[in-house]
Amino acid sequence: MRRDQPNRVVAAVALSGLALTVSSFTPLEAQKNDAAQLQLTSSAFAEGTSIPARYTCDDKNVSPPLKWNGVPPGAKSLVLIADDPDAPAGTWVHWVLYDLPASTTELPEDLPAEQYVPGGAKQGLNDFKKPGYGGPCPPPGKAHRYLFKIYALDEQLGLKPGATKKIVERAMEKHILGNGQLLGTYKRK
């Protein structure tokens, strides 16, 4: 064995590690990073603050009011996904809404948990196996983060009501023009 061979092995391992890192970056994530930024807000809670109990399983469990701006020109539809990345079994999906007209700028509080939303939008299945919004309901202990994410797309997805987050995200690939996010937290005693 020549003296310079260990360096070749280290270089090959380093390069393969780089290749693994690059390949683990999904096309959807890359597209989100290149997209225009939408601003997503709620009159019920501010970025990074606690979500009021009214919007959780501890109270009325209704969807919070949401408002956004910055939808880029050429957008044909919007997608809204809310999930909890801190759930014990992995990310828990609380809301999937898609084919919302791009001209829409807000959702009222307590959007009905039905397959269709006025204006033609469709609601997917959350991880409670129901259409529409299912509020935060973490186990007692530390606070969980809840990410409300909005995407502007260059087309309608055309999926039937009841699609899962995974199906919607797959259909969104290569169609994201812009996105935004609102973070809320919730802790049960």
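Contact map, the range 158-175: first residue in contact (Cβ under 8 Å) with a residue 12 or more places away in the chain and more than 23 Å from Pro112 (Cα to Cα), second residue assigned to a helix (DSSP H, G or I) and open to solvent by 60 Å² or more (accessible area, probe 1.4 Å), Cβ cut-off under 6 Å, separation 6 or more or different chains; pairs are Glu173/Pro27. Here the range 69-102 is the region considered, the condition is being part of a loop (DSSP other than H, G, I, E, B) and under 18 Å from Gln181 (Cα atoms), and the residue that is most open to solvent (accessible area, probe 1.4 Å) is Thr91.
Quick one: would you say Ile51 is modelled with pLDDT of 95 or more, surrounded by 12 or more Cβ atoms within 10 Å (Cβ to Cβ), among the aliphatic types (A, V, I, L, M) and within 20 Å of Gly124 (Cβ to Cβ)? Answer is no for this residue.
Being of a type in the set (D, E, K, R) and closer than 18 Å to Asn126 by Cβ is the filter; apply it to the range 169-187 and report the residue that is nearest to the chain's Cα centre (by Cα). Filtering first and then ranking leaves Glu169. Among the residues of the range 116-170, those identified as among the small types (Gly, Ala, Ser), modelled with pLDDT of 95 or more and within 25 Å of Phe45 (Cβ to Cβ) are Ala121, Gly124, Gly132, Gly134, Gly135, Ala143, Ala152. Of the residues making up the range 142-189, those that are closer than 18 Å to Ala53 by Cβ, surrounded by fewer than 21 Cβ atoms within 10 Å (Cβ to Cβ) and in contact with a Pro (Cβ under 9 Å, 6 or more places away or on another chain) number 5.
The values are calculated or read from the model by the stated rules, or taken from the named source; none is laboratory data. Values in this document were obtained by computation on a predicted structure and should not be read as measured data. In this analysis, Cβ positions are derived from the backbone assuming ideal geometry, glycine residues included, and neighbour counts consider all displayed protein chains. When the accessible area is computed, the model is the full protein with side chains, heavy atoms only, and any ligands, DNA or RNA have been set aside. Shrake-Rupley method; radii C 1.70, N 1.55, O 1.52, S 1.80 Å.
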